[in-house]
Amino acid sequence: MNGQKFIAATMNPDLAEKAVGLLREVDIQPTKQRVAILYALLSRPNYHPYAEVLEMDVNQSLVHVGTTTIYLSLRALVEAGLVESFVDRVGKIRYGLALKPHINQECYTCGIIEDAPMPSLPAISQWKGTRAHILVRGLCPTCAKIFSDEQVHKPIPAQYLELQP
Ligand SMILES: [Zn+2]
Ligand SMILES: [Zn+2]
């Protein structure tokens, strides 16, 4: 395949073209592995899989990609700013699309992760910030109907800012 544009027969052509275009915009060769990974992330809203889950997803429906290649490709995509990575409530790394600045919201109880729009941020320090990663943990609307704040409230380490409702 030699770094040429790759679109598998099982892919939705528009979405595959979008993945190829995004890779080209950031000067990354659209190899079949990278296209397949980005395509998988583009295919579902609010998709924040573990690398192993993404590997299964890509291998089941798109193209064979080995574990090492999954990690190397994800690293390149994160460095290029197309993909985000963050640590979830159980200490495992999640990956997600980072095409728009957004906040990740993670539910304490059911573990669902959803994107929310990023508000404009004030200047925080002398640093010239160009990217912000914000993870908000709380109760999703469904769990908020079942659990009270007190039931899920865990002692919060001092380094975390507590949000006032
Ligand atoms: Zn996200
Ligand atoms: Zn929930």
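Rule-based calculations on the coordinates, nothing more; no lab input. Nothing here was measured: the structure is a model prediction, and the numbers come from that model. Note: ideal-geometry Cβ built from the backbone for every residue, glycine included; neighbour counts use all protein chains shown.
Legend: calculated FRET efficiency, residue 9 to residue 85, from the Cβ-Cβ distance at R0 = 41 Å, rounded to 0.05, equals 0.85.
How would you rank 18, 92, 128, going from fewest to most other Cβ atoms within 10 Å of each one's own Cβ? Don't skip to the end; give the middle numbers.
Working: 18 15, 92 11, 128 6.
Fewest-to-most ranking of 18, 92, 128: 128, 92, 18.
The length gained by stretching the chain between residue 64 and residue 112 to full extension, at 0.36 nm per residue less their Cα-Cα distance, is 14.5 nm.
The phi-based Karplus calculation (6.51 cos²θ - 1.76 cosθ + 1.60; θ = phi - 60°) puts the 3J(HN,Hα) values of region 61-69 at 10, 10, 7, 6, 10, x, 4, 4, 5 Hz, whole numbers, x for Gly and Pro.
Placing unit charges on each Cβ (+1 for Lys and Arg, -1 for Asp and Glu) gives region 44-88 a dipole about its Cα centre, and among 82, 62, 49 the Cα reaching farthest toward its positive end belongs to 62.
With 10 angstrom as the radius, rank 56, 11 by how many other C-beta atoms surround their C-beta, starting from the fewest. Don't skip to the end; give the middle numbers.
On the way: 56 14, 11 20.
Sorted ascending by nearby Cβ count, the order is 56, 11.
Distance from the Cα centre of region 82-102 to that of region 35-72, in angstrom? After rounding, the separation between the Cα centres reads 14 Å.
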